[in-house]
Structure formats: structure tokens, C-alpha cells
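Q: My questions all concern the structure below.
The values are calculated or read from the model by the stated rules, or taken from the named source; none is laboratory data. Please read all numbers here as calculations on a predicted model, not as lab measurements. We place every Cβ from the backbone using ideal geometry, glycine too, and count neighbours over all the protein chains shown. To get the accessible areas, we keep the full protein, side chains included, count just its heavy atoms, and leave off ligands, DNA and RNA. Shrake-Rupley method; radii C 1.70, N 1.55, O 1.52, S 1.80 Å.
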Amino acid sequence: MKTVQIKGGTGETVVLVGETLDNLHRYVAMENTIVITDTRIADIYGKHLPPCKIITIGMGESIKNLTTVENIYRQLLAFGADRSTFLVGIGGGIVCDITGFVASTFMRGLRFGYVATTLLSQVDASVGGKNGVNFQGYKNIVGVFNQPEFVICDLSLLKTLPDREISCGFAEIVKHGAIADVEMFAYLEVNAARALSLDLSVIEKLVYESVRIKAAVVNRDELEKGERRKLNFGHTFGHAVEKTAGISHGEAVSVGMVIAAAVSEARGLLKSTDTKRLRCLLRDLALPTRIEVDVARVWDALQKDKKREGDTIHFVLLKALGTSVVQRLSMEDVHVGMQYLTSPRDENRSRTHVSRGAKKKLHTETPAFFGVFGDPVSHSLSPVMHNRAFAFSGYNGIYLPFRIKTIAEAVSAMKTLDMRGASVTLPHKIRIMDHLDHVDALAEKIGAANTILNKDGVLTGYNSDALGAVTALEERLSLKSKRVAIIGAGGAARAIGFGILENQGKVIVVNRTVKPGEQLAADLGGDFFPLADIERVGCDVLINTTPVGMFPDVDATPVPGTFFNKHMTVMDIIYTPLQTRLLKEATAAGCATIQGLPMFIHQGAFQFELWTGMRAPVEVMRAAVGEALGLEDI
């Protein structure tokens, strides 16, 4: 662990780089502490939060306002907070800003500290004593200067961040190198790939050096009357772009830095080679350098910048990489930078399901190679889930989607490419059985495999569908003696059927085509009904294992809405969309429903542990899938 001291007129801060959330109790008495955090941190790290009163707020720039502050005031009053209460903000920049502002204004000031959980907050937002909220669309326009007593930078928490959020944090690190430390800038140029993959030695050095640079500036100019203005490099245009283009703070600052460098070059201060180096480094860190935006709206927002004084504004320019200067420019001079906003949007940023960290690893050390075989496969969230789990656990792996027509060729390719493992989805779960070297006992019994392990060139098939489905069902009800109707007769239906039998349930097979349905029913010792006769089926639980209703055919459903009654539990193993038409109609009929995601996540956890020999970070995997679907809670 490394420490940095900040000594300001409003207080002193110790920044602890490499300290952990679990050691928070060493710095504050828990019995008189109230934590402020957001829903994401509460979901992922709830078990690690201290045993004290907790206030949970939402996420995103839209909640960084006086309404949220007012709601926190109310909760503090309800908790009986007094002048001896200590507030701890655990989260990213928004949580830290709000916590600092609340602590500075409630009862005319409470003591406070932070556990910074994002890269952006560790290197910038939580350091320096600026605390504020937005007002009427203008960023940080209401706020105070007040130093927290401590900032814990827990580097292990960065592994749960989305790739885009990691890149945004690097924008501020690049800024610190550009304005004050050319050696750190050059180090990041050489180590960009390792930085994106969150190599511990690299990330610790970059966080510490960034904090050191910012602390030195704040120690000399806490209230931003002179030198501290240098920390606004890229922020004049950045804040205006952020407000009008709807991109994140780090992405907007990246664009703003390129514009500020271009203005510096136009004024004869900066060499074109340095501008190019800045632009290239930002691109290497998966950050945008240009953006398509409404120029008039950007100019309107820029003129309302809080750094403006009359017809001039304090603008940060570069004289060289590592050397900056603040000049008072006329708004006309600043307007020169507007021409750099008219370029088309960057094409360098990946929008695929593969994490940036994973992509960068392909260009450094060779990762263990995994994938999912299916047709279709573009809908699959397995890459999102497994790549996040790999990153969080420090496992050097990469997981990619493959649309496969002929499963025999895919199996052969696994050996040729030395793939460590693969997931198998529709329509190959049964077909793949003939092409494996070994099959475990459960998969053999089921007659289908959805998971492959490649150990020294020997491919072994497993089935985690039964485990995933039964775990999801048993979270809601006991299967013992329940009549469970399964729609479908494919690999997933077979797996779930055997799982239900092992939990003492009774299986009914319902299928569109008679022969495979009758065969599965016979294998399971249950009854068979053609799908056309489903109204004759009496069941306690209905499970759809077919792709009917899956994206893009979201208006389809395997059964009529008239089939349901309020005593049924209905499960659909489809998770794209999360709420299928089947589940919507079942809910409308009063049924209890179970979405496909719990099964998906539980079977994915089994795969992760089989492939890596490590314990699966289930909550991290759940959060990754939720983010991909735009959900805060799943």
C-alpha cells in the first residue's frame, strides 16, 4: 500500500492506494458511521459493506442533483444523525461528490471519507476536496471545497467495472501525464495493453502517480485560484460535449483534450508530433478522439462554463507533453476549437460483447481460449458473463461467440486451436455427443452436452443445464411431487427433465412433433402430449425449453394465453428478451414466473469452475449480464 497526503485549508486527506474495503474499520468507528453507496455496489459488494446504517442511491449523472441530496438529508434525520456522525461514501465519482456535498452542508458539516470503487474516482473525482452536484443541466455548478479525511483506493474493486468505465478512468490518467509528467505519459504509451487488462503492478503505479500529481497541485492551490486550473485540461470542451452529446465524462474529456491540444498547436505552443501522440494514446485506451455533435448546443453550453469570466475564460494549453500553461483566452479564441467537433465519430471503439481487456490480451500474452458454438449465436450473453468473470478473478482467458453450422468441424477446430473449453447451444447439444472423446455420466444419461472441457487434447462433454434449471426452480419452490410440463424435446428439455426426476418431480413432455416427444417421455418415465393438445395437460409447473419467443421473434409464444391458471409456476429458459410473451401472458393470468437468466447464470458458474478450477464470482457474472441488458437488478 502507498499513501499520499493532501494538506488543505479545509482539512487534511490521506489517500491510501492499495488499501481494501474490508479494512475500512481501521479508519473510522463503525458504531457512529453511516455509509452512502449506490445500487450497483450494494448488489455486488453487499456482504463486504460495514455493519452500519446504509443509504443507497441510484446510478448515473441524472441523480447527481439537489433532489437526491434532499432525500439523503431526510434519511439522515430518520437515522438520528448528529454532529458526531461520520459519513463514508463507497462508490464512484457521483457517490463521492454527493457524499462530500451532504457531509459539508448537513448540520453545517460532518466528518467524512471515501472508498473509491472506480478508476475515475480513484485518480480524480475523490481526490482534491471538490464536492458538488448538477443543477438545471449544468455540471457541478452547486458545490463546496472540503477535504475528506481519507480516500481508500481498493484496486481489486476495479475488476467488476464495465470496460467502458475502465477506459473513462484512463482519460484522467492521460490528462495528468499530459499536463505534468511526460515520463508517466510515456510509460502509459508502452503499457496501454497491460493497463487495460488491469495488470496490478501497472494499475497501482498509474493510480499512485496520478494521485501524487493531483495532490501536489492541490497542496499548492486548493481553491483553484491559479495552478489548480491546470487540472481542467480538456474539461472546458469536455463538459460542454458531455452535456450535449450524452457520452460519459471520461469520453468527453478525451475529446476535449484532443481539441485543447489542437488549439495549443494552432497557437504555436505545441508540436504536431505531440498532438499526434496524445491522440494515438487515447485511441489505444479505447477512448474517442472525435465526435459528431450539435456544434451550436456545445457552444451554448461552453459559454455557461463556470470558469468563464466575462468575455474570457481560463483555458489550459500544452507547451509540450508534460508541460501545461493556463491562459486567459477570449471566447473568440476558444471558438477556434469548435472546428474539431465536426469530424465524424470515431470508429475505433468496439461495441461487441468481448471485453476490451480481453481483446488487448490477444496482443500481449496468449490467453486461454474459450467460446460458444450455436446457430444463431449473436444474442448470446455468455461472452459478456465469462469475460467479466475472467477479469474479476485475474484469470487470463478470452471467450468469443462462433456461429457454427457443422458441429463436427467446430469440435475438430477446438483441438487444432487448443481451445480450453466451449459452451454449446441450439441446435447442437445432442448432435455434439457423437464427436466427443468422453462424456460424463450425467450428460450420457441426458443424451446431450452443453459444456466441453479440453484437457490435453481430450474433449469431455458435460451438461450444466439440469443444474442451472433446477437451482433456479428450487429457489422458488420445491419440485417434490410437482407435475412439471416441459415444452420441447431437445437437449435442454432432456437435461431439465432428468434434473426434475432427481428432485422427485413428475415430468410431462409436450412437443410439436410426436416421435421425439414420445421418445423423451419414455426415457423420463412420463406422459406425452402433442403441443396441439396442451389444453388437456394438467400441471403445477410449465417450462418452455424451445426457442419460440426468442429474439428476434419476440411476438411468438409456444402456448395460448388461455392455458394458464393462477396456481401455475411458469418458467422460460429464454433470456433474450428477459420478459418473453409467454411470461407476460402467464403473469397476466396470475401465475408465478421464472425468467431464463437465473438458469443461465447458474449453468455459467458451473462452466467457469470446471474450466478454471476457481470459484465462480456469481454476483459479478449476474451484474455483467444485467448491465448488458440495461438492468440494475436481476
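Q: Open to solvent by 10 Å² or more (accessible area, probe 1.4 Å) and under 18 Å from Ala485 (Cβ atoms): is that true of Ile573 in this structure? Walk me through it before giving the result.
A: Numbers: open to solvent by 10 Å² or more (accessible area, probe 1.4 Å): yes; under 18 Å from Ala485 (Cβ atoms): yes.
The answer is yes for Ile573.
Q: Among (1) buried (at least 16 other Cβ atoms within 10 Å of the Cβ); (2) farther than 26 Å from Ser62 by Cα, there is one condition Ser272 misses while meeting the rest; what is its number?
A: (1)
Q: Taking the criterion of being crowded, with 20+ Cβ neighbours inside 10 Å and in a loop (DSSP other than H, G, I, E, B), would at least one residue in segment 40-58 satisfy it?
A: no
Q: Looking at segment 69-99, which of its residues are within 30 Å of Gly137 (Cα to Cα), open to solvent by less than 20 Å² (accessible area, probe 1.4 Å) and hydroxyl-bearing (Ser, Thr, Tyr)?
A: The one that is within 30 Å of Gly137 (Cα to Cα), open to solvent by less than 20 Å² (accessible area, probe 1.4 Å) and hydroxyl-bearing (Ser, Thr, Tyr): Thr99.
Q: Hey, any hits in segment 168-185 for a residue that's in a helix (DSSP H, G or I), aliphatic (A, V, I, L, M) and at pLDDT below 90?
A: Taking segment 168-185 first, the residues in a helix (DSSP H, G or I) are 168-180, 182-185.
Checking the rest, the ones that are also aliphatic (A, V, I, L, M) come to 171, 173-174, 178-180, 182, 184.
From what's left, at pLDDT below 90: none.
Looking through segment 168-185, none of the residues is in a helix (DSSP H, G or I), aliphatic (A, V, I, L, M) and at pLDDT below 90.
Q: Search segment 100-119 for residues being open to solvent by 10 Å² or more (accessible area, probe 1.4 Å) and in a helix (DSSP H, G or I), and hand back the single one that is nearest to Ala171 (Cα to Cα).
A: Phe101
Q: Does Thr471 satisfy being open to solvent by 10 Å² or more (accessible area, probe 1.4 Å) and under 18 Å from His428 (Cα atoms)? Outline the logic, then answer.
A: Numbers: open to solvent by 10 Å² or more (accessible area, probe 1.4 Å): yes; under 18 Å from His428 (Cα atoms): no.
No.
Q: I'd like the residue in segment 223-236 that is in contact with a helix residue (DSSP H, G or I) (Cβ under 7 Å, 6 or more places away or on another chain) and over 17 Å from Leu278 (Cα atoms) and, out of all such residues, is surrounded by the most Cβ atoms within 10 Å (Cβ to Cβ). Reasoning before the result, please.
A: Looking only at segment 223-236, we keep the residues that are in contact with a helix residue (DSSP H, G or I) (Cβ under 7 Å, 6 or more places away or on another chain), and these are 227-228, 230-231, 233-236.
From what's left, over 17 Å from Leu278 (Cα atoms): 227-228, 236.
On the way: Glu227: 16, Arg228: 19, Thr236: 24.
The qualifying residue surrounded by the most Cβ atoms within 10 Å (Cβ to Cβ) is Thr236.
Q: To continue, here is another question. Give the residue, chosen from Phe373, Phe402, Phe392, that is surrounded by 22 or more Cβ atoms within 10 Å (Cβ to Cβ), at pLDDT 90 or above and on the phi < 0 side of the Ramachandran plot.
A: On the way: Phe402 fails: surrounded by 22 or more Cβ atoms within 10 Å (Cβ to Cβ); Phe392 fails: at pLDDT 90 or above.
None of the other options fit; the residue is Phe373.
Q: So, in segment 193-222, of the ones that are charged (D, E, K, R) and under 30 Å from Pro367 (Cα atoms), which residue ends up surrounded by the fewest Cβ atoms within 10 Å (Cβ to Cβ)?
A: Applying the first criterion (charged (D, E, K, R)) to segment 193-222 yields 194, 199, 204-205, 209, 212, 214, 220-222.
Adding the requirement that they be under 30 Å from Pro367 (Cα atoms) leaves 194, 199, 204-205, 209.
Working: Arg194: 19, Asp199: 18, Glu204: 16, Lys205: 18, Glu209: 23.
The residue in question is Glu204.
Q: With the structure loaded, tell me whether Val559 is touching a Phe, Trp or Tyr at 6+ places or on another chain (Cβ under 8 Å), touching a residue at least 24 places away in the same chain (Cβ under 8 Å), under 30 Å from Ala628 (Cα atoms) and not in a helix (DSSP H, G or I) or whether it fails that test. Steps first, answer last, please.
A: On the way: touching a Phe, Trp or Tyr at 6+ places or on another chain (Cβ under 8 Å): no; touching a residue at least 24 places away in the same chain (Cβ under 8 Å): yes; under 30 Å from Ala628 (Cα atoms): yes; not in a helix (DSSP H, G or I): yes.
So Val559 fails the test.
Q: Any residue at all in segment 4-18 that's on the phi < 0 side of the Ramachandran plot, without any contact (Cβ under 8 Å) to a residue 12 or more places away in the chain and open to solvent by 20 Å² or more (accessible area, probe 1.4 Å)? Lay out the reasoning, then the answer.
A: Of segment 4-18, the ones on the phi < 0 side of the Ramachandran plot are 4-10, 12-17.
If we keep only those that are without any contact (Cβ under 8 Å) to a residue 12 or more places away in the chain as well, we get none.
So far as segment 4-18 goes, no, none of its residues is on the phi < 0 side of the Ramachandran plot, without any contact (Cβ under 8 Å) to a residue 12 or more places away in the chain and open to solvent by 20 Å² or more (accessible area, probe 1.4 Å).
Q: Right, next: For a quick check of your reading of the model, give me the residue pairs whose first member lies in segment 574-602 and is touching a residue at least 12 places away in the same chain (Cβ under 8 Å) and more than 17 Å from Arg622 (Cβ to Cβ), whose second is open to solvent by less than 30 Å² (accessible area, probe 1.4 Å) and aromatic (Phe, Trp, Tyr), with beta-carbon atoms closer than 7 Å and at least 6 apart or on different chains.
A: Cβ pairs passing all conditions: Glu585/Phe564; Ala586/Phe564; Ala589/Phe564; Cys591/Phe564.
Q: Also, I was wondering about something else. Look through Ile574, Ile601 and report the one residue that is in contact with a Pro (Cβ under 8 Å, 6 or more places away or on another chain) and not hydroxyl-bearing (Ser, Thr, Tyr).
A: Details: Ile601 fails: in contact with a Pro (Cβ under 8 Å, 6 or more places away or on another chain).
Result of the check over Ile574, Ile601: Ile574.
Q: Just give me the residues in segment 583-610 being open to solvent by 20 Å² or more (accessible area, probe 1.4 Å), within 27 Å of Gly461 (Cα to Cα) and not in a loop (DSSP other than H, G, I, E, B), in sequence order. Break it down into steps so the answer makes sense when it comes.
A: Keep residues of segment 583-610 that are open to solvent by 20 Å² or more (accessible area, probe 1.4 Å), which gives 584-585, 587-590, 592-593, 595, 598, 602, 606, 609-610.
Imposing the further condition that a residue be within 27 Å of Gly461 (Cα to Cα) reduces the set to 595, 598, 602, 606, 609-610.
Answer for segment 583-610, where residues must be open to solvent by 20 Å² or more (accessible area, probe 1.4 Å), within 27 Å of Gly461 (Cα to Cα) and not in a loop (DSSP other than H, G, I, E, B): Pro598, His602, Phe606, Glu609, Leu610.
Q: Determine if segment 529-536 includes at least one residue that is in a helix (DSSP H, G or I), under 25 Å from Gln595 (Cβ atoms) and of a type in the set (A, V, I, L, M).
A: Checking segment 529-536: at least one residue is in a helix (DSSP H, G or I), under 25 Å from Gln595 (Cβ atoms) and of a type in the set (A, V, I, L, M).
Q: Among the residues that make up segment 426-434, is at least one of them open to solvent by less than 30 Å² (accessible area, probe 1.4 Å) and more than 26 Å from Gly397 (Cα to Cα)?
A: Pass one, segment 426-434, residues open to solvent by less than 30 Å² (accessible area, probe 1.4 Å): 428-429, 432.
Now restrict to residues that are more than 26 Å from Gly397 (Cα to Cα): none.
Among the residues of segment 426-434, not one is open to solvent by less than 30 Å² (accessible area, probe 1.4 Å) and more than 26 Å from Gly397 (Cα to Cα), which makes the answer no.
Q: Suppose we filter Asn387, Asn450 for residues that are in contact with a strand residue (DSSP E or B) (Cβ under 7 Å, 6 or more places away or on another chain), modelled with pLDDT of 90 or more, within 30 Å of Asp199 (Cβ to Cβ) and of a type outside the set (Lys, Arg); which single one remains?
A: Numbers: Asn450 fails: within 30 Å of Asp199 (Cβ to Cβ).
Step by step, each of Asn387, Asn450 is checked, and only Asn387 is in contact with a strand residue (DSSP E or B) (Cβ under 7 Å, 6 or more places away or on another chain), modelled with pLDDT of 90 or more, within 30 Å of Asp199 (Cβ to Cβ) and of a type outside the set (Lys, Arg).
One line per residue, one yes/no per condition, for (1) open to solvent by 70 Å² or more (accessible area, probe 1.4 Å); (2) under 16 Å from Thr236 (Cβ atoms); (3) out of contact with any His (no Cβ under 7 Å at 6 or more places or on another chain); (4) in contact (Cβ under 8 Å) with a residue 12 or more places away in the chain:
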{"position": "Arg277", "(1), (2), (3), (4)": "yes, no, yes, yes"}
{"position": "Leu285", "(1), (2), (3), (4)": "no, no, yes, yes"}
{"position": "Val293", "(1), (2), (3), (4)": "no, yes, yes, yes"}
{"position": "Ala301", "(1), (2), (3), (4)": "no, yes, yes, yes"}
{"position": "Glu309", "(1), (2), (3), (4)": "yes, yes, yes, yes"}
{"position": "His314", "(1), (2), (3), (4)": "no, yes, yes, yes"}
{"position": "Lys319", "(1), (2), (3), (4)": "yes, no, yes, yes"}
{"position": "Leu329", "(1), (2), (3), (4)": "no, yes, yes, yes"}
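Q: Return the pairs, sorted by first residue and then second, in which the second residue is open to solvent by 40 Å² or more (accessible area, probe 1.4 Å), the first residue lies in segment 530-552 and is on the phi > 0 side of the Ramachandran plot, the beta carbons are less than 7 Å apart, and the residues are 6+ apart or on different chains.
A: Correct list of pairs: Gly549/Arg581.
Q: Can you tell me which residues in segment 48-78 are without any contact (Cβ under 8 Å) to a residue 40 or more places away in the chain and of a type in the set (Lys, Arg)?
A: Hits for segment 48-78 are Lys53, Arg74.
Q: What pairs come up if the first residue lies in segment 473-492 and is more than 14 Å from Lys506 (Cβ to Cβ) and assigned to a loop (DSSP other than H, G, I, E, B), the second is at pLDDT 90 or above and of a type in the set (Gly, Ala, Ser), and their beta carbons are under 6 Å apart, counting only those six or more places apart or on different chains?
A: Going by the 6 Å Cβ cut-off, the qualifying pairs are Ala489/Gly517.
Q: So, in segment 494-514, how many residues would count as being farther than 20 Å from Glu535 by Cα and in a helix (DSSP H, G or I)? Break it down stepwise before answering.
A: Narrowing segment 494-514 to residues farther than 20 Å from Glu535 by Cα: 494-505.
Then keep just the ones that are in a helix (DSSP H, G or I); that gives 494-502.
Summing the residues that are farther than 20 Å from Glu535 by Cα and in a helix (DSSP H, G or I) in segment 494-514 gives 9.
Q: Let me ask something additional. Looking only at residues in segment 240-259 that are over 23 Å from the mean Cα position of the chain (by Cα) and open to solvent by 10 Å² or more (accessible area, probe 1.4 Å), which one is farthest from Gln136 (Cα to Cα)?
A: Filtering segment 240-259 for residues that are over 23 Å from the mean Cα position of the chain (by Cα) and open to solvent by 10 Å² or more (accessible area, probe 1.4 Å), the one farthest from Gln136 (Cα to Cα) comes out as Val258.
Q: Of all residues in segment 127-161, count the ones that are without any contact (Cβ under 8 Å) to a residue 12 or more places away in the chain and hydroxyl-bearing (Ser, Thr, Tyr).
A: The first filter runs over segment 127-161 and keeps only residues without any contact (Cβ under 8 Å) to a residue 12 or more places away in the chain, leaving 136.
From the residues that got through so far, the ones that are hydroxyl-bearing (Ser, Thr, Tyr) too are none.
Count: 0.
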